[in-house]
1. Could you check how many residues of segment 206-225 are touching a residue at least 40 places away in the same chain (Cβ under 8 Å) and either surrounded by 16 or more Cβ atoms within 10 Å (Cβ to Cβ) or at positive phi (or both)?
2. State all residues of segment 317-346 that are more than 26 Å from residue 403 (Cβ to Cβ) and either touching a residue at least 60 places away in the same chain (Cβ under 8 Å) or assigned to a strand (DSSP E or B) (or both); if no residue qualifies, say none.
3. Just for segment 347-384: of the residues that are part of a loop (DSSP other than H, G, I, E, B) and touching a residue at least 60 places away in the same chain (Cβ under 8 Å), which one is nearest to residue 279 (Cα to Cα)?
4. If you scan segment 73-98, which residues turn out to be among the basic types (Lys, Arg) and within 14 Å of the chain's Cα centre (by Cα)?
5. Can you tell me which residue in segment 121-143 is nearest to residue 385 (Cα to Cα), limited to those that are within 21 Å of the chain's Cα centre (by Cα) and among the aliphatic types (A, V, I, L, M)?
6. Quick check, is residue 163 within 20 Å of the chain's Cα centre (by Cα), of a type in the set (Gly, Ala, Ser) and either over 29 Å from residue 61 (Cα atoms) or not assigned by TED's automatic domain parsing to the domain that holds residue 377 (or both)?
7. Out of curiosity, is residue 282 closer than 23 Å to residue 385 by Cα and surrounded by fewer than 17 Cβ atoms within 10 Å (Cβ to Cβ)?
8. Which of (1) more than 23 Å from residue 445 (Cβ to Cβ); (2) modelled with pLDDT of 95 or more; (3) not acidic (Asp, Glu) does residue 17 not meet, given it meets every other one?
Amino acid sequence: MTEIYDYIIVGAGTAGGVLSYNLTKSGAKCLLIEAGKYMTKETFPITEADASAQMYWGGGIELSQDAQMAFLRGKLVGGGSVVNQALMDRFDDIAINDWRDESGIDYFNEGEMNPLYEKAENMIALHTFKAEERTRNAELFSEGCDACEYTWHFLRRAQKDCAFSKYNDCIACLGGCHRDSKQSTLVTYIRDAEKEGLSISPNTLIELIESVKDGIKLFGIANGKVVTFEAKNVILSGGAFGTTSLLLKSGFKKQLPSIGRYFATHPQFMFFGLYDELINAHKGMFQSVASKDPRFRKKGFKLENVFAGPASVAMLFSGYGTDHLDFMQHYNRMTCAEVAIRDENAGEIMVDKKGKLIIKKELTEQDKQRKHNGEAVLKEILAASGAKRVIDSPMYFGLHLMGGARIGVDPVTAAVDPDFKLKGYNNVYICDSSIFPNAPGINPALTIMALAHKLSQQLTV
């Protein structure tokens, strides 16, 4: 006989991890399904190439329909929380108020969101960086901001005991933290949920969900075999691409035409400053400072001080032969920062007749203007910090994938009700970044966790 669960959660990322723990601990019989592998600190890949191939969809990157924008999406138990930069920011009143205006949902206000943020924060270790923890990359960025009279701040990340004083280089944690220092949902929720009785099915891709009498059936492929699951309720937490494509393949767009629409992401454009001194930006803390200037916020962009491993940096440039060799020979003398813009939610997520994911995402004129404004400021900062040359990467990335199954009160523009139910269905819930009404311009991880806590409270009352 088919085992029937109280809840099946599809997608073991940021929201899925929180939900699986809270629901299992409340006594519910839960199954957490993940398309990727179940890895641990002992089995995370060692090299950049292996990490890209084994831990990300598309073998490392997925591309928009016109191949202009690259998307990064984690594919493993713990999802993006295992491979992201672990930045934990609350939304400001601009983002929250915009969400309320766009969605018509009253609980998008600081008074109701702050307790949810506190709940999420209390479940993880948080660290705000200090001046002595900055790499030379970060020092030059902050010095350039000071020289230009732009405001910057120290970042807060979900991490503990990173052994910076012991020369640990945390750039490696973009391929999974080998110390379990990063507070991914794998470390902070999922393992504890297993102790409470959670079942996990990794390497399982769900292709179709179907509403049946008194429940939901799910059909998929696990390790090359067709599998079927059944539950009283299902929660989709596969992110903008995973959740939306599953809804599309399952035919829900016929009743809910907004599914797939309003896709947004925070496009990020990387710029490298070349200096006479050795920088070694790949050593030490990966990311510790970023811009915090209200003028930038109003103009829809922010600047983040980042870097990447040599293989990733090499892939950001299309040169060949001696030109590319010359560029990479300067790797140790480069700093890097990116312009991240708050884009318009004008993209669309689709699937073709074979179920293949298609992403239509082009920069709008507003997006281009915001990128232009941010680029001018960043180049000013890099020059003020002593950069002899600024090198633009021709590639840009869409990080923080959002939308495709928006939450809201309007049945025309939203697919999900304020109580997280798919409109018209009492036992299909959605809780992940696919429900975002628009791009907030702020790292979304903490808010995804907060919303997962809100749904958990709703389901366990």
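The values are calculated or read from the model by the stated rules, or taken from the named source; none is laboratory data. The shown structure was predicted, so the numbers you read here are calculated from the model rather than taken from an experiment. Here Cβ is always computed from backbone atoms with ideal geometry, including for glycine, and neighbour counts include all displayed protein chains.
1. So the answer is 7.
2. If the condition is that a residue be more than 26 Å from residue 403 (Cβ to Cβ) and either touching a residue at least 60 places away in the same chain (Cβ under 8 Å) or assigned to a strand (DSSP E or B) (or both), then 317, 318, 327, 334, 335, 336, 337 are the ones that fit.
3. The qualifying residue nearest to residue 279 (Cα to Cα) is 363.
4. Matches in segment 73-98: 73, 75.
5. If we take residues in segment 121-143 being within 21 Å of the chain's Cα centre (by Cα) and among the aliphatic types (A, V, I, L, M), then 126 is nearest to residue 385 (Cα to Cα).
6. Answer is no for this residue.
7. Here the answer is no, as residue 282 does not meet what is asked.
8. (1)
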